[in-house]
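In what follows, a single structure is set out as structure tokens and then discussed.
The values are calculated or read from the model by the stated rules, or taken from the named source; none is laboratory data. Source: prediction; values computed, not measured. Here Cβ is always computed from backbone atoms with ideal geometry, including for glycine, and neighbour counts include all displayed protein chains.
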Amino acid sequence: MTELVEHGQLFIGGEWTDPQGTDRIQVVSPHTEQVIGSVPHAAKADVDRAVEAARKAFDEGPWPRMSLDERIAVVTRIKDAIAVRHEEIARSISSQNGSPYSWSILAQALGPMMVYDAAITVARAYPYEEYRQGVLGPILVRREPVGVVAAVIPWNVPQFVAAAKLAPALLSGSTVILKPSPESPLDSYILADIAREAGVPEGVLSILPAEREVSEYLVGHPGVDKVAFTGSVAAGKRVMEVAARNLTRVTLELGGKSAAVILPDADLETTIAGIVPAAWMNNGQACVAQTRVLAPRSRYDEIADALAAAASALVVGDPLDPATQLGPLVARRQQQRSLDYIRIGQEEGAKVLAGGGRPAGLERGWYVEPTLFGDVDNSMRIAREEIFGPVVCLIPYGDEAEAARIANDSDFGLSGSVWTGDVAHGIDFARQIRTGTFNVNTFSLDMLGPFGGYKSSGVGREFGPEGLSEYLEHKMIHLPAGYEAGA
């Protein structure tokens with residue numbers, strides 16, 4: 001039996017402190033359906049304390065006034081500590097959200113290390129000041145830290161998304177209040193310990209697990225300068241609405257319904273091997289998952305057979321078992337959501353090619369079989385709405401123009417891929433698709449480039465210099481005519 005993990009305090013301004021309220025968050029295992037942990041539920045008064053600490057640290061403290069090298073040293077120590085504790089982090093997250101442990105090692109623990117490392121590389125090369133010749137004379141353009149950041153993260157990849165926000169925010173000189181999801185708050189306590197050990201100064205970081213009401217209070221707090229949010233489209237719209245009352249800057253990384261387009265000349269073996277982990281990654285609970293697979297009619301049957309066989313072969317079970325490839329969904333509501341969409345797909349006329357229900361022998365836990373629908377039309381709800389579960393649609397197309405049209409016919413625009421025997425032609429195809437990221441004969445997410453979405457998939461970018469820019473204000477200083485820098 002898993003040992004119960006209980007915490008009694010909150011991490012506010014770099015110190016462990018008693019919460020202002022008495023409510024608690026019970027963390028339930030999606031595998032056993034038993035309580036595995038408990039943490040304080042942050043109250044609005046705790047938000048006030050965290051914002052006050054972050055405001056003071058930014059306005060008066062040393063953090064934004066340190067040299068870049070000094071901040072890099074702190075962030076490097078955070079990254080190095082994650083490396084030491086990566087197995088503990090992976091197990092904690094898998095226990096909370098059902099991610100297969102083998103996947104958690106890579107994406108939930110080593111992935112954040114890569115995010116911090118890439119952010120450091122970007123920060124070192126970033127032009128924080130530059131002189132330009134303006135129309136009326138010379139100007140100095142400065143990039144300065146945005147201020148107090150509210151970072152609201154989801155339960156599916158909590159440390160990866162935390163790193164995507166913390167790394168650029170901290171390196172910019174900003175201060176942060178991190179708000180973990182109530183489904184996965186336990187790993188945030190590991191991060192708090194790491195931050196203390198790394199020497200993050202007083203007031204610079206607070207971590208407040210909470211439900212939606214307190215999250216809204218944080219997002220709408222007048223002491224916050226920027227909100228960085230990852231989550232659903234509906235929640236993202238609400239974040240933007242609440243933040244707009246104070247004209248608070250907002251970046252949103254939201255949902256996806258990404259298309260993996262198989263061109264007629266693709267090698268089927270390597271294509272299926274690439275698409276399967278991209279489609280069912282993290283139990284289908286990934287915004288970038290390739291959940292629409294577009295197949296040419298000329299090869300539809302062989303692709304359907306190969307993809308169905310691969311889906312059926314996925315090992316479903318205990319997320320902490322290293323052999324598991326697909327674990328349980330994070331909560332009963334998510335399990336029911338997937339089962340409801342499977343029913344809807346059948347009612348719409350799609351054909352279940354693999355899966356379609358609960359796995360045999362796993363009556364306990366919030367499990368859903370890896371499911372593949374065939375004969376899907378792109379107008380069906382299962383092809384248009386983000387399910388966020390292990391449900392994938394196989395959609396036939398005629399010519400390449402129709403494939404591009406179907407790929408673009410979505411409210412989302414986050415990710416996608418094309419699989420072809422001609423990489424140069426794949427690049428040409430990629431240029432036609434309106435998504436923030438795209439892959440040719442691969443599936444990855446490079447932290448040195450910009451990540452974000454078109455359309456309902458979000459606002460702004462993370463990673464790369466574009467992501468760091470989201471945490472910087474741009475200032476123009478006019479200089480007298482004839483002034484030369486360094487003269």
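Among (1) over 29 Å from ALA485 (Cα atoms); (2) surrounded by fewer than 23 Cβ atoms within 10 Å (Cβ to Cβ), where does ARG132 come up short?
The single condition ARG132 does not satisfy is (1).
Could you tell me which of the residues VAL84, VAL115, VAL28 is farther than 24 Å from ALA323 by Cα and either in the same structural domain as VAL214 (by TED's automatic domain parsing) or in contact with a strand residue (DSSP E or B) (Cβ under 9 Å, 6 or more places away or on another chain) (or both)?
On the way: VAL84 fails: farther than 24 Å from ALA323 by Cα; VAL28 fails: farther than 24 Å from ALA323 by Cα.
VAL115 is the lone residue from the list that is farther than 24 Å from ALA323 by Cα and either in the same structural domain as VAL214 (by TED's automatic domain parsing) or in contact with a strand residue (DSSP E or B) (Cβ under 9 Å, 6 or more places away or on another chain) (or both).
Would you check which residues across segment 315-337 are part of a loop (DSSP other than H, G, I, E, B) and touching an Asp or Glu at 6+ places or on another chain (Cβ under 9 Å) and list them?
First, the residues of segment 315-337 that are part of a loop (DSSP other than H, G, I, E, B): 315, 317-325, 327-331.
Residues satisfying the conditions are VAL315, THR324, GLY327, PRO328, VAL330, ALA331.
Can you name the residue in segment 454-468 that is buried (at least 23 other Cβ atoms within 10 Å of the Cβ) and within 13 Å of the chain's Cα centre (by Cα) and, of all such residues, is nearest to CYS287 (Cα to Cα)?
SER457
Where residues in segment 264-289 are over 26 Å from the mean Cα position of the chain (by Cα) and part of a loop (DSSP other than H, G, I, E, B), which of them is surrounded by the most Cβ atoms within 10 Å (Cβ to Cβ)?
Start the filter on segment 264-289 by keeping residues that are over 26 Å from the mean Cα position of the chain (by Cα), which leaves 264-270.
Next, from what is left, pick out any that are part of a loop (DSSP other than H, G, I, E, B): 264-267.
Numbers: PRO264: 14, ASP265: 13, ALA266: 24, ASP267: 13.
The qualifying residue surrounded by the most Cβ atoms within 10 Å (Cβ to Cβ) is ALA266.
Rundown of residues vs (1) within 30 Å of PRO390 (Cα to Cα); (2) in contact with a strand residue (DSSP E or B) (Cβ under 6 Å, 6 or more places away or on another chain); (3) of a type in the set (Asp, Glu); (4) assigned by TED's automatic domain parsing to the domain that holds LEU362, yes/no style:
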site	(1), (2), (3), (4)
THR32	yes, no, no, no
ILE36	yes, yes, no, no
VAL39	yes, yes, no, no
ALA43	no, no, no, no
GLU52	no, no, yes, no
ARG65	no, no, no, no
VAL74	no, no, no, no
ILE93	yes, no, no, no
TRP103	yes, no, no, no
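In contact (Cβ under 8 Å) with a residue 12 or more places away in the chain and either under 19 Å from the mean Cα position of the chain (by Cα) or buried (at least 21 other Cβ atoms within 10 Å of the Cβ) (or both): does that describe GLU386? Before the answer, list the steps.
On the way: in contact (Cβ under 8 Å) with a residue 12 or more places away in the chain: yes; either under 19 Å from the mean Cα position of the chain (by Cα) or buried (at least 21 other Cβ atoms within 10 Å of the Cβ) (or both): yes.
Yes.
Failed condition for LEU414, given (1) under 27 Å from ALA118 (Cα atoms); (2) touching a strand residue (DSSP E or B) at 6+ places or on another chain (Cβ under 6 Å); (3) buried (at least 17 other Cβ atoms within 10 Å of the Cβ); (4) in contact (Cβ under 8 Å) with a residue 24 or more places away in the chain, with all others met?
Unmet condition: (2).
Which residue out of ARG212, ARG297, ARG292 is farther than 22 Å from GLY147 by Cβ, basic (Lys, Arg) and surrounded by 19 or more Cβ atoms within 10 Å (Cβ to Cβ)? Can you show your working first?
On the way: ARG212 fails: surrounded by 19 or more Cβ atoms within 10 Å (Cβ to Cβ); ARG297 fails: surrounded by 19 or more Cβ atoms within 10 Å (Cβ to Cβ).
Testing whether each residue is farther than 22 Å from GLY147 by Cβ, basic (Lys, Arg) and surrounded by 19 or more Cβ atoms within 10 Å (Cβ to Cβ) leaves just ARG292.
What number of residues within segment 155-170 are surrounded by fewer than 24 Cβ atoms within 10 Å (Cβ to Cβ) and within 25 Å of LEU247 (Cβ to Cβ)?
Matching residues across segment 155-170 total 0.
Take the residues of segment 290-314 that are part of a loop (DSSP other than H, G, I, E, B) and not hydrophobic (A, V, I, L, M, F, W, C): which is farthest from ASN439 (Cα to Cα)? Steps first, please.
So in segment 290-314, the residues part of a loop (DSSP other than H, G, I, E, B) come out as 290-291, 314.
This time we only want the ones that are not hydrophobic (A, V, I, L, M, F, W, C), so: 290-291.
Numbers: GLN290: 11, THR291: 14 Å.
So, considering only residues that are part of a loop (DSSP other than H, G, I, E, B) and not hydrophobic (A, V, I, L, M, F, W, C), the one farthest from ASN439 (Cα to Cα) is THR291.
Among the candidates SER29, SER67, which residue alone is among the polar types (S, T, N, Q) and surrounded by 16 or more Cβ atoms within 10 Å (Cβ to Cβ)?
Values: SER67 fails: surrounded by 16 or more Cβ atoms within 10 Å (Cβ to Cβ).
Residue meeting the stated conditions: SER29.
Is it the case that ARG124 is assigned to a strand (DSSP E or B) and of a type in the set (Lys, Arg)? Full working, then the answer.
Working: assigned to a strand (DSSP E or B): no; of a type in the set (Lys, Arg): yes.
It is false that ARG124 is assigned to a strand (DSSP E or B) and of a type in the set (Lys, Arg).
Can you tell me which of (1) out of contact with any helix residue (DSSP H, G or I) (no Cβ under 8 Å at 6 or more places or on another chain); (2) surrounded by fewer than 24 Cβ atoms within 10 Å (Cβ to Cβ) is the one GLY356 doesn't meet?
Only one criterion in (1) out of contact with any helix residue (DSSP H, G or I) (no Cβ under 8 Å at 6 or more places or on another chain); (2) surrounded by fewer than 24 Cβ atoms within 10 Å (Cβ to Cβ) is unmet by GLY356, namely (1).
With respect to GLU466, determine if the residue is touching a helix residue (DSSP H, G or I) at 6+ places or on another chain (Cβ under 6 Å), in the same structural domain as ALA234 (by TED's automatic domain parsing) and touching a residue at least 12 places away in the same chain (Cβ under 8 Å).
No, not satisfied.
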